[in-house]
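The values are calculated or read from the model by the stated rules, or taken from the named source; none is laboratory data. Bear in mind the structure is a predicted one, so any value in this text is a computation, not a measurement. Note that each Cβ is placed from the backbone with ideal geometry, even for glycine, and that neighbours are counted across all protein chains shown. In case anyone asks, the SASA skips ligands and DNA or RNA and just uses the protein heavy atoms, side chains included. Shrake-Rupley method; radii C 1.70, N 1.55, O 1.52, S 1.80 Å.
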Amino acid sequence: MSNSIRNIIVGTAGHIDHGKSSLVEALTGTHPDRLEEEKRRGITIDLGFAFLEEGGVRFGFVDVPGHERFVGNMLAGAAGIDIVLLVIAADESIKPQTREHFDICRLLGIQRGVVALTKADLVDREARELVQMELDDFLRGSFLENAPVIPVSAKTREGLAELTQALVKQARDVIGKDSQRNFRLPIDRAFAVKGFGSVVTGTLISGHLSPEDEVQLFPSGEKLRVRGIQSGGKSVDRADAGQRTAVNLAGIGHHSLQRGMALATPARFRATRRLDVKLRLLSGVRKLKNRAVVHFHTGSFETMAEVALFDRTDLSAAEDCFAQFRLRQPVLVLPGDPFIIRQSSPLITIGGGTALDPLPRRPRAREASRREYLQAVEGNNKPEILMQLALRSLFGLPQSEIPARTGWTDPEIQETILIIAGAKRVRLIAAEPPLLFATAAFEELLKKIADRVDRFHKENPLQPGVAREDLRVNLARRLRPEIFRAALEELTAQKKIELHGELVKRAGSQISLLPDEAKAKEQIEAAFASAGLAVPSAKEVLATLSVEARRSEKLLQLLLREKALHRVTPELIFHREALAELRVKLAAYKKAKGERISIPAFKDLTGITRKYAIPLLEYLDRERVTRRQGDERVIL
Ligand SMILES: Nc1nc2c(ncn2[C@@H]2O[C@H](COP(=O)(O)OP(=O)(O)O)[C@@H](O)[C@H]2O)c(=O)[nH]1
Ligand SMILES: [Mg+2]
């Protein structure tokens, strides 16, 4: 983007017939009313758009309807306004929609504006001064308190140059929208253009967009390709935040597109039906009761919603509190997005505020309090926000989850992770995607694992350790394997545990046998050692012992684990020495008589019956000592 040009959105506001549309036409040369009905009736029903380049600023004008019935349309256009052009007819002064539109601007957090005292040609100096006095009162204490108030006439063109200059001056001080952030465009119109297909328009509220980019449509989540872009009535290679933008989309019919949907950078965000907010009511409105149903507006989107007030039964005029909205329709909304609520009868704006958590969880006993999280978001304290997110993710926070919850860019995410990982408040755990895990929770997990391993040794003195997978599943079924692995590594590094293959044991732990167990173990081993290859069954051996079956079975397992004994088939167990001797004999046979050996020759060599010979040969095949070839074996 060329740095010299600023892209600024100017939105009109004010009562019907006060001259908003005429003023936009006088300033830009474009009459913003587009619809047939608007032209016929001479009133603005829906949003209108016009453009002006002046003093290094590219202005996009959004002209809104003043009629109270069309405040919904006004709200769709008000999203993304940088500068409000508050229009007040000099011959009528302040009227109901002057107030309502102005309230909306304040609730949306619009920071700058210019006041146009229109139809100046209709009144004398005295009347102008009277209106000016009323205005001073009206604007006192608001963001427009010190805004320029300029008498203008669309008819005589009085004041127009001065007004343009005032807009240029304001534009220089606007904190512009950020082209470097994630792309987002709330759709305010969708239609088909012959020969082009589907087109949507909207104010590009952040990021930038070029033809051939992939975008995601919300709430459906469909991924779409951008075929072309127009801004200010011209095809462009790139549109930047702060521009009115028309996007030609491939692969979708215009009937599947409508106001209230949004386009955004793909694969980062999620639409939601619930969101936690800071809500404030305007002064002079009725109390809002917990669970009341209101009209909810954010961006170009509108739906009915039920409000759940935090820790209170109602909210009075001019008060604020944290609240959760449950929306009838899903929407893409990110922390910091402003919203407006209106009541049903009479249909008036009663309040608004800022979205804080678009993917709220139901509170749990062990998670950090929701209030703390919302306060961190409100204060835009990034390390604290991420810390709280990690704390409340009991099974680890996948890094890929962060954009949908925060709206942050990748550099912001990386930077914030570095800060809190550097302060050792979270651990970064290698996984796909990487996981953030609160250090406190990790310490707790380490302690729990060490305790479990200790307990296992106490309860199973004849076993060398606990199987990894048993340990993990017993800790928490949903514990991610990556976190478990990191915990085992950490405990190993701290020399608290030792890992032996799939077994986890307490560092330095040894099996301690009782005297009768030690004796029985020796007897078992001796029985197999003396049997050579003509082994007895395990059952026979164990039956001769003085310890009871449960313990003797464990002792046998111990010998197998120590590899003193080998299980060749479920029934046949051999002593290590006997098998080693067999290998030596086979090697000698190969040297003396060649590499082939038949089953009878094998029986002769070993002096055992077929009952032992066949399983042993199969075992030797598996061990790649021999290979079967027809009825014979090849000694390898
Ligand atoms: N005399 C006079 N009439 C105006 C001026 N601006 C607008 N009007 C008239 O006021 C009426 C309403 O204007 P319009 O721009 O549609 O008002 P909007 O509803 O605020 O958009 C129209 O009949 C205009 O011709 C002006 O500066 N001087
Ligand atoms: Mg109008």
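Quick notes on this structure:
- Odd one out for residue 154, checked against (1) within 16 Å of ligand 1 (Cβ to nearest atom); (2) open to solvent by 20 Å² or more (accessible area, probe 1.4 Å); (3) closer than 23 Å to residue 75 by Cα: (3)
- Subset of the range 364-401 (residues that are of a type in the set (A, V, I, L, M, F, W, C), touching a helix residue (DSSP H, G or I) at 6+ places or on another chain (Cβ under 8 Å) and either open to solvent by less than 10 Å² (accessible area, probe 1.4 Å) or farther than 20 Å from residue 206 by Cα (or both)): 368, 376, 385, 386, 387, 389, 390, 391, 394, 395, 397
- Some residue of the range 504-525 being on the phi > 0 side of the Ramachandran plot and either under 60 Å from the mean Cα position of the chain (by Cα) or open to solvent by 50 Å² or more (accessible area, probe 1.4 Å) (or both): yes
- Exclusive hit being at pLDDT 95 or above, within 16 Å of ligand 2 (Cβ to nearest atom) and aromatic (Phe, Trp, Tyr), set 49, 61: 61
- Selection of the range 567-590 for residues being open to solvent by 60 Å² or more (accessible area, probe 1.4 Å) and within 59 Å of the chain's Cα centre (by Cα) yields 567, 570, 571, 576.
- Of all residues in the range 127-142, those that are surrounded by 12 or more Cβ atoms within 10 Å (Cβ to Cβ) and outside any loop (DSSP other than H, G, I, E, B) total 9.
- Subset of the range 402-434 [open to solvent by less than 20 Å² (accessible area, probe 1.4 Å) and not in a loop (DSSP other than H, G, I, E, B)]: 402, 403, 404, 406, 413, 416, 417, 420, 426, 429
- Scanning the range 614-636 for residues that are in a helix (DSSP H, G or I) and surrounded by fewer than 12 Cβ atoms within 10 Å (Cβ to Cβ) yields a total of 1.
- Pairing residues of the range 372-398 that are in contact (Cβ under 8 Å) with a residue 40 or more places away in the chain and within 17 Å of residue 415 (Cα to Cα) with residues that are among the aliphatic types (A, V, I, L, M) and open to solvent by 10 Å² or more (accessible area, probe 1.4 Å), at Cβ distances under 6 Å and at least 6 apart in sequence or on separate chains, gives 383/419.
- Checking each residue in the range 22-36 for being away from ligand 2 (no atom under 11 Å from the Cβ) and of a type in the set (S, T, N, Q) picks out 28, 30.
- Condition met for residue 19 (small (Gly, Ala, Ser), closer than 29 Å to residue 93 by Cβ and within 15 Å of ligand 2 (Cβ to nearest atom)): yes
- Just one of the listed residues (81, 88, 94) is modelled with pLDDT of 95 or more and either open to solvent by less than 10 Å² (accessible area, probe 1.4 Å) or out of contact with any Phe, Trp or Tyr (no Cβ under 6 Å at 6 or more places or on another chain) (or both), and it is 88.
- The single condition from (1) without any contact (Cβ under 8 Å) to a residue 60 or more places away in the chain; (2) closer than 18 Å to residue 457 by Cα that residue 557 fails is (1).
- Meets criteria (open to solvent by less than 50 Å² (accessible area, probe 1.4 Å) and in a strand (DSSP E or B)) for residue 167: no
- Here 159, 113 are screened, and the one residue that is under 22 Å from residue 62 (Cα atoms), more than 16 Å from ligand 2 (Cβ to nearest atom) and open to solvent by 10 Å² or more (accessible area, probe 1.4 Å) is 159.
- Top-ranked residue of the range 64-78 - restricted to ones that are of a type outside the set (A, V, I, L, M, F, W, C) and open to solvent by 10 Å² or more (accessible area, probe 1.4 Å), ranked as farthest from ligand 2 (Cβ to nearest atom): 72
- Each residue in the range 170-184 was checked for being surrounded by 15 or more Cβ atoms within 10 Å (Cβ to Cβ), assigned to a loop (DSSP other than H, G, I, E, B) and of a type in the set (S, T, N, Q), and 2 of them qualify.
- Residue count, the range 6-43 (criterion: of a type in the set (S, T, N, Q), touching a residue at least 40 places away in the same chain (Cβ under 8 Å) and away from ligand 1 (no atom under 11 Å from the Cβ)): 1
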